[in-house]
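Quick notes on the structure that follows.
Just so you know, all these numbers are worked out from the coordinates, no wet-lab data involved. Just so it is clear, the structure is predicted and the values come from calculations on it, not from any experiment. Positions of Cβ are backbone-derived with ideal geometry, glycine not excepted, and every protein chain shown enters the neighbour counts.
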Amino acid sequence: MSGYFTEDNSVDAVNGRVGNEASPRVQKVMTSLVHHLHDFVKDVELTQQEWELAIDFLTRTGKTCTDTRQEYILLSDVLGLSMLVDAIGNRRPAGATENTVLGPFYVANAPIRDMGDSISLDGKGESCLFEGRVIDLDGNPVQGAMVDVWSDNADGFYDVQQPELQPKWNNRGRFLTGADGSYGFVGIKPVSYPIPDDGPVGELLAALHRHPYRPAHMHFLVTAPGHQKIVTHIFTGDDVYLGSDAVFGVKSSLIANFEHIGGKTGWRASFNFVMVPEDPSRLTASDGPIS
Ligand code: BEZ
Ligand code: FE
């Protein structure tokens, strides 16, 4: 083969330039990427006009990113890429709590509250008691687990989306488990809401005739020394968008029992988080670092 680029030899022409000194992981990732990218372009016979449209779309996606908005992660979310990477990186034994997307509305260092406290500071929505235990695979309580929670308010917005309208840290809090591993706090029964769809990702969803909604959920980030962190949500079982989450975050094991018990408590959601031990071999990719 001559070294010149042709339609037929395009993959080899590009991958043949990769230096032997490049790290094994870079070689593996980039040669596979070029392979699949060229196959895709050949499969759809991408036109010059479509290529320009894609470049413009990606450029605008980048320009939409700010300190508080990450349109590329949102793009990854709606393409199912975030959930796929998460699934590959968090294979867990049966019985362990499954992961799902973190989402753009997590804020670190939420106030540490006392067990039983309310995280709902705006007084809106239907009250809901969230309770359960953090345990290991053998059912033993995990003491000292930090249960970090956040949800939208009854209007479907997170506090950070409405800093002028909502109290800071509305519907957020951290709770530290005691010896019995139990947690409990008062929030609201979550409601479904649209992901930010006023940018390029929204245009893409519209072009695909897809809606932007996420089914109602409460976010949890559970961490404890010696255990793998759990990034997850629990979903209400009665949401119309459960089967069509815009970011593919629903797993059947994460649909919780929300029970209407009336009175001041309103609703009660029970869910146990099952943690697995930290495995240090997970921290290094088998082919070495990507640099
Ligand atoms: C969320 O649940 O907060 C979320 C996740 C992915 C994209 C947008 C929002
Ligand atoms: Fe959310």
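Amide H of His227: which non-local residues (sequence gap of 5 or more, or other chain) have their own amide H closer than 5 Å, using H built in the peptide plane?
Glu278
With viscosity set to 0.890 mPa s and temperature to 25 °C, compute the Stokes-Einstein D of the chain, Rh being the Kirkwood radius across alpha carbon pairs; µm²/s, no decimals.
114 µm²/s
If you find the alpha carbon centre of the range 182-205 and of the range 227-243, how far apart are they in angstrom?
About 12 Å separates the Cα centre of the range 182-205 from the one of the range 227-243.
Assuming a viscosity of 1.306 mPa s and a temperature of 10 °C, what translational diffusion coefficient in µm² per second does Stokes-Einstein assign to the range 67-118, Rh being the Kirkwood radius over Cα pairs?
Value of D from the Cα-based Kirkwood radius: 116 µm²/s.
Show me the ranking of peptides 267-279, 56-68 by mean Cβ neighbours inside 10 Å, starting with the highest.
267-279, 56-68
Working from the alpha-carbon coordinates of the range 189-288, get Rg over Rh, Rh being the Kirkwood radius.
Reported Rg/Rh, Kirkwood definition of Rh: 1.08.
To the nearest 0.05, what FRET efficiency results for Asp122 and His260 with a Förster distance of 22 Å applied to their C-beta separation?
E(calc), rounded to 0.05, equals 0.50.
Quick query: amide H of Gly132 versus all other amide H atoms, modeled in the peptide plane; which residues come in under 5 Å with a sequence gap of 5 or more or a different chain?
The answer is Tyr183, Phe271.
For the range 116-132, what does the Karplus curve 6.51 cos²θ - 1.76 cosθ + 1.60, with θ = phi - 60°, yield as ³J(HN,Hα) per residue in whole Hz, taken in order and with x for Gly and Pro?
Using θ = phi - 60°, the values come out as x, 5, 9, 9, 7, 9, 9, x, 9, x, 8, 4, 8, 8, 9, 8, x Hz.
Compute the relative contact order of the chain as a whole-number percentage, counting only Cα pairs closer than 8 Å that sit 6 or more residues apart in sequence.
Across the chain, relative contact order equals 22 percent.
Name the residues whose placed amide hydrogens come within less than 5 Å of the amide hydrogen of Gly173, ignoring near sequence neighbours (fewer than 5 apart) on the same chain.
Val149
Taking Cα atoms, how many degrees apart are the long axis of helix 24-44 and the longest axis of the chain, rounded to 10 and kept between 0 and 90?
Compared with the principal axis, the helix lies near 80 degrees.
In what order do Tyr106, Tyr158, Tyr183, Tyr241 fall by count of nearby beta-carbon atoms within 10 Å, going from fewest to most?
Taking fewest neighbouring Cβ atoms as first place, the list is Tyr106, Tyr241, Tyr158, Tyr183.
Please determine, in degrees from 0 to 90 and to the nearest 10, the orientation of helix 48-64 with respect to the longest principal axis defined by the Cα atoms of the chain, where the helix direction is its Cα long axis.
40 degrees
Using a ≥ b ≥ c from the Cα gyration tensor of the range 1-43 (square roots of the eigenvalues), is it rounded, prolate or oblate, where a/c under 1.5 gives rounded and otherwise the larger of a/b and b/c decides, a/b for prolate?
Verdict is oblate for the range 1-43.
For Tyr72 and Lys251, FRET efficiency with R0 = 35 Å and r from the beta-carbon atoms, rounded to 0.05?
0.90
Order 220-228, 186-194 from most to least packed using the mean count of other Cβ atoms within 10 Å.
186-194, 220-228
Two-decimal Rg/Rh of the range 115-205 from alpha-carbon positions, Kirkwood Rh?
Reported Rg/Rh, Kirkwood definition of Rh: 1.09.
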